[in-house]
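Here the structure is laid out as structure tokens; the discussion comes afterwards.
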Amino acid sequence: MKVLIFEYITANGEASKSLAREGQMMVEALLSNFVKLSDVETVLFPAEKNVEIEFQKHIKNVDAVWVIAPEFDGILGRFCRYVEDAHKRLLTSPSKAVALTANKLTTFQILHAAKIQTVPTEVFNPEFDYDKTKEWIIKPIDGVGAENTFLLTTEKNWTALPSLEKKCLIQPHLHGEKTSLSCLFKNGEARLLCVNLQIFEVKNQQYVLQNIDVNYKLDDGRYQKLATQIALAFPDLFGYVGVDLIETDDVFETDDVCFVLEINPRLTTSFVGIEKALGLNVAELVLAL
């Protein structure tokens, strides 16, 4: 099998340094997986000026494609569709699953309908008078990671909020442990690989990812149960998927409530540490699906 590995940020060269660094790390980790598979030839997509045109040319010469790209502006979904339209094997979630999970409002609505605990989410209206005695998070409806996400804890923060260029969402800011799940999905079923801890620092009203502790703690059963619930709610998810959580005890007078924040239908930064932490070859596992 001949597999094309495509990472949009490094191929395109137009993004923040943090996204470019994370993209390069994911590519290197994925190549480390594939190099151990004797019956697979991997091709790495080079940096190109006309990425979309060149991508559609490259996929004609391979059997399968692994797409790594951000969800914003429909990028991930668009490149997945190119692979589908070329009738090549897509080793990541199909475009229809990406369309649902890339839109954080749609994700919230599906999770809520499935009775999966999630953070209350609504479209941000700049004209509305929100309760400024409470803490809020404002984020793009299709953002990736903590990019362009603003934390508002004081009235002064609201005054300093920049004009927002795209449609954004607003959520209550919950304090707690920021964990993530690395999972494999197929046909409404899920396999939990590991639970990770995401360590953030707040700079200029924005969360900045500092480090990730991969395989941070063992599953007591509830994380696999949550992954299975998500798989049933989003049956088209396929392959490696990351799920961001916030685990908190400061709301609703309950203990250790686990809220789903986001579903990432692609490789996440946590993937980079899985081979070393667990000895698992994720590429091999995905091909086996």
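Descriptive notes on the structure:
- For Ala283, the requirement of being buried (at least 17 other Cβ atoms within 10 Å of the Cβ), of a type outside the set (Phe, Trp, Tyr) and within 30 Å of Lys96 (Cβ to Cβ) is met.
- From the options Val123, Val195, residue that is over 30 Å from Leu289 (Cα atoms) and of a type outside the set (Asp, Glu): Val123
- Among the residues of region 103-122, the one identified as surrounded by fewer than 14 Cβ atoms within 10 Å (Cβ to Cβ) and within 18 Å of Lys178 (Cβ to Cβ) is Pro120.
- Scanning region 63-79 for residues that are in contact with a strand residue (DSSP E or B) (Cβ under 6 Å, 6 or more places away or on another chain) and surrounded by 21 or more Cβ atoms within 10 Å (Cβ to Cβ) returns Val65, Trp66, Val67, Ile68, Phe79.
- Counting residues in region 40-52 that are surrounded by fewer than 15 Cβ atoms within 10 Å (Cβ to Cβ), touching a strand residue (DSSP E or B) at 6+ places or on another chain (Cβ under 8 Å), without any contact (Cβ under 8 Å) to a residue 12 or more places away in the chain and not aromatic (Phe, Trp, Tyr) gives zero.
- Condition met for Glu189 (closer than 22 Å to Ala283 by Cα, surrounded by fewer than 16 Cβ atoms within 10 Å (Cβ to Cβ) and not hydrophobic (A, V, I, L, M, F, W, C)): yes
- Number of residues in region 123-167 that are modelled with pLDDT under 90, of a type in the set (D, E, K, R) and surrounded by 14 or more Cβ atoms within 10 Å (Cβ to Cβ): the value is 1.
- The residues of region 1-27 that are in contact (Cβ under 8 Å) with a residue 60 or more places away in the chain and either in a loop (DSSP other than H, G, I, E, B) or out of contact with any helix residue (DSSP H, G or I) (no Cβ under 8 Å at 6 or more places or on another chain) (or both), listed by number, are Met1, Ser16, Ser18.
- Total residues in region 194-246 satisfying the condition of being over 17 Å from the mean Cα position of the chain (by Cα), closer than 16 Å to Thr269 by Cβ and surrounded by fewer than 16 Cβ atoms within 10 Å (Cβ to Cβ): the figure is 1.
- Val202, sole failed condition from (1) among the β-branched types (Val, Ile, Thr); (2) closer than 30 Å to Glu275 by Cβ; (3) at pLDDT below 95: (2)
- Ile170 vs. criteria without any contact (Cβ under 8 Å) to a residue 40 or more places away in the chain, more than 26 Å from Phe238 (Cβ to Cβ) and surrounded by 14 or more Cβ atoms within 10 Å (Cβ to Cβ): no
- For region 46-68, the tally of residues that are under 25 Å from Glu275 (Cα atoms) and at pLDDT 95 or above stands at 6.
- Scanning region 1-37 for residues being closer than 17 Å to Ile59 by Cα and not acidic (Asp, Glu) gives a total of 9.
- Of everything in region 16-39 that is within 17 Å of Ala288 (Cβ to Cβ) and either under 21 Å from the mean Cα position of the chain (by Cα) or polar (S, T, N, Q) (or both), the residue that is surrounded by the fewest Cβ atoms within 10 Å (Cβ to Cβ) is Ser38.
The values are calculated or read from the model by the stated rules, or taken from the named source; none is laboratory data. Since this is a predicted model, take the numbers as computed values, not measurements. Cβ atoms come from the backbone with ideal geometry, glycine included; neighbour counts cover every protein chain shown.
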